[in-house]
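Quick notes on the structure that follows.
The numbers here are math on the coordinates, done by the rules we state, and not lab data. Everything numeric in this text was worked out from a predicted model, so none of it was measured. Note that each Cβ is placed from the backbone with ideal geometry, even for glycine, and that neighbours are counted across all protein chains shown.
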Amino acid sequence: MQLLWTENDYTSRLNHEDLLVRLWALKNLANLYPESCPQEVENLLDNPPDEMIPSLMNLLGSSKAVQYAPKIMDLIWTEYDLNQESGKKYKKCCLNK
């Protein structure tokens, strides 16, 4: 089956001006190409919108992009209280715990 959108199509939209387009592209990368982690994802780690964080964590966790581990940990510890229910979800997703 040939997909309508390619990995490059999604990747090129990670920098789109519209948040919904960036979120759509990131979710599809995470779902369709879980082992891929394009370089453009690094730009999203600096200050991601809250809506993008779950998909961003899923993609980085599934791709085993260890080069981003320090930024991921900073994001987790500063954005989420890991003792709360929402924090536990992200901890499980990202840290496999």
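Legend: translational diffusion of segment 1-84 by Stokes-Einstein, Rh = Kirkwood radius over C-alpha pairs, 10 °C, 1.306 mPa s; D = 121 µm²/s.
Based on alpha-carbon atoms, the Kirkwood radius and the radius of gyration of segment 32-72 give Rg/Rh equal to 0.91.
So what is the relative contact order for segment 1-75, in percent, with contacts set as C-alpha pairs under 8 Å and at least six apart? Numbers along the way, then the final one.
On the way: 63 pairs, mean separation 22.1, N = 75.
In percent, rounded to a whole number, it is 29.
At a 10 Å Cβ-Cβ cut-off, how would you order MET57, MET52, MET73, fewest neighbours first? Let's see the in-between values first.
Numbers: MET57 22, MET52 18, MET73 12.
Lowest to highest Cβ neighbour count: MET73, MET52, MET57.
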